[in-house]
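Okay, structure first, notes after.
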Amino acid sequence: MTLIVGLTGGIASGKSTVSAYYRSLNIPVIDADLEARLAVKIGEPAYKKIVAHFGTGILQSDGDINRMRLGEIVFSNEQERLVLNEIVHPDVGRRMDEKQRLAMENGEKVVILDIPLLFENKLNEKVDKTILVYVTEDIQRKRLMERNQLTFEQAIKRIHAQMPLEKKRILADELIDNNGTIAAAAMQAKEILEKWNVLN
Ligand SMILES: CC(C)(COP(=O)(O)OP(=O)(O)OC[C@H]1O[C@@H](n2cnc3c(N)ncnc32)[C@H](O)[C@@H]1O)[C@@H](O)C(=O)NCCC(=O)NCCS
Ligand SMILES: Nc1ncnc2c1ncn2[C@@H]1O[C@H](COP(=O)(O)OP(=O)(O)OP(=O)(O)O)[C@@H](O)[C@H]1O
C-alpha cells in the first residue's frame, strides 16, 4: 500500500521548500507546477489552445509562453484565469496520475503530490492525507515579492487568486508552520511522516 499525500499551501508559503526536503530523504514528490510547465511547452496541445485564446501577444520571440505576461493577465482577471485552468488542468491531472501510478507500481511507501490548488480543485478527495504549509499573509507577501520581483499590488493579486490560507488550515489533516526557519519546517515535515509510519 502506498500512502498518497497531498502537500499544499498558499503561493510562496513554502511547498517547494518542504518538497525539496522530502526529496532529500528519497521520498518521491510529484510537482503540479512542474507538470503544468511541461504541459504548455511548444507543440503540446495546451500550448496551441493557450495561443488560440490569449493571442500571440503572450509569446516570447522564441515562441515560448511569456509566463510573466500570461500571469499578469490571469492574476488580474478571474474569467481569464478560469479559461487557463480549463485548458491546463486536465493535462496536468493526466500527467500526475501517470507518475503516481508508476510510484505505486514501484511499491513506494509514500508519494507526495505537491499541488497548490489541492483544495480549490477538490483534489483532497483523491488523496489519503493532506499537509498544509502555512505562513502569515505578511510573510507570504514579502517572500513572494522578493522571489518573483513583484510589487506589493502584484503580490496581493496572486495571493487573493487562491483560497485563503486560514480556510485551508481547517481542511488540512496536518499543518507545517513555515513562519520560522527552513530547518524548523523540515523538522515538522519529518515528524508528520514519522507519525504516519511511512519513513524508512
Ligand atoms: C499563470 C502562469 C503562466 C504564471 O507562471 P509563473 O512561472 O509566474 O508561476 P508558476 O507557474 O511557477 O506558479 C507559481 C504559483 O502561482 C500559483 N498559481 C499558478 N497558477 C495558478 C492559478 N491558475 N490559480 C491560482 N494560483 C495559481 C501557485 O501557487 C503556483 O505555485 C502559470 O502559473 C500557469 O500557467 N498557471 C496555470 C496552471 C496552474 O494552475 N498551475 C498551478 C498548478 S496546476
Ligand atoms: N522558512 C523560510 N525562511 C525564509 N525563506 C523561506 C522559507 N521557506 C521558504 N522560503 C523562501 O520563500 C520563497 C517561497 O518558498 P517556496 O518557493 O518553497 O514556496 P511555494 O509554496 O513552493 O511557492 P509557489 O506556490 O509559488 O510554488 C522562496 O524564495 C523560498 O526560498
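The values are calculated or read from the model by the stated rules, or taken from the named source; none is laboratory data. This is a predicted model, so every value here is computed, not measured. Heads up, the Cβs are rebuilt from the backbone with ideal geometry, glycines too, and the neighbour counts pull from every protein chain shown. What goes into the accessible areas is simple: the full protein's heavy atoms, side chains included, and nothing from ligands, DNA or RNA. Shrake-Rupley method; radii C 1.70, N 1.55, O 1.52, S 1.80 Å.
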- Item | PRO90 closer than 29 Å to LYS167 by Cα and out of contact with any His (no Cβ under 9 Å at 6 or more places or on another chain) | yes
- Item | Test for LYS41: is it farther than 24 Å from VAL110 by Cα, buried (at least 17 other Cβ atoms within 10 Å of the Cβ) and among the basic types (Lys, Arg) | no
- Can you confirm whether segment 135-156 contains a residue that is of a type in the set (Gly, Ala, Ser), assigned to a helix (DSSP H, G or I) and farther than 24 Å from VAL74 by Cα? no
- Could you figure out which of (1) within 16 Å of ligand 2 (Cβ to nearest atom); (2) in a loop (DSSP other than H, G, I, E, B); (3) of a type in the set (D, E, K, R) isn't true of ARG23? (2)
- Message: For segment 58-111, give me each residue that is open to solvent by 60 Å² or more (accessible area, probe 1.4 Å), part of a helix (DSSP H, G or I) and among the polar types (S, T, N, Q).
- Response: GLN79
- Message: Which pairs turn up if I take residues in segment 178-200 that are farther than 17 Å from TYR134 by Cβ and look for partners that are at pLDDT below 95 and surrounded by 10 or more Cβ atoms within 10 Å (Cβ to Cβ) with beta carbon separation below 8 Å, at least 6 apart in sequence or on another chain?
- Response: LYS190/LEU199; LEU193/LEU199
